[in-house]
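Participant: One structure, pasted below without further comment.
Here, each number is a calculation from the coordinates, and none is a lab measurement. Since the structure is predicted, the reported quantities are computational estimates derived from the model, not experimental observations. Glycine also receives a Cβ, built like all others from the backbone with ideal geometry; neighbour counts cover every protein chain displayed.
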């Protein structure tokens, strides 16, 4: 199987495509975050943590490290990768739609809508397709 082949994901009826909102100010537009265990596939989740961004030949990856909750892979918009230095290792709140991927298939990355997601960095197979991101 080609490593960059698209992974068939759960079809989510009624999933809307949102514009991405970014703010690197000291305050967030999001007032509450939730536990990662409360994220439901197909629904919107708000999570807070430290953002790590990795750029490489095989693709880019966004990871949200959450205190006492491990990490979650992020499907970030390209403009966040282009301004990596403004976001790297910063405390952020992200809001987006939750997806899962199969751990039964040995892949390095896959595509959700218009964004690539790296696998294997986090124990969970949850991915957040980020619609909004704010610095805390």
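Participant: Calculate, axis by axis, the spread of Cα positions in segment 40-91 along the three principal axes, and write the results as whole Å, longest axis first.
Facilitator: Taking max minus min along each principal axis of the Cα atoms, segment 40-91 gives 31, 23, 18 Å.
Participant: Tell me the label-point distance for the pair residue 69, residue 37, using the 7 Å Cα-to-Cβ offset, in nm and rounded to one decimal.
Facilitator: 1.1 nm
Participant: Further, regarding this structure: Could you give me the percent of Cα pairs per 5 Å distance bin for segment 75-136, shortest bin first, beginning at zero and ending with the bin that holds the maximum distance?
Facilitator: In order of increasing distance, the bins hold 4, 16, 26, 25, 19, 8, 3, 0 percent.
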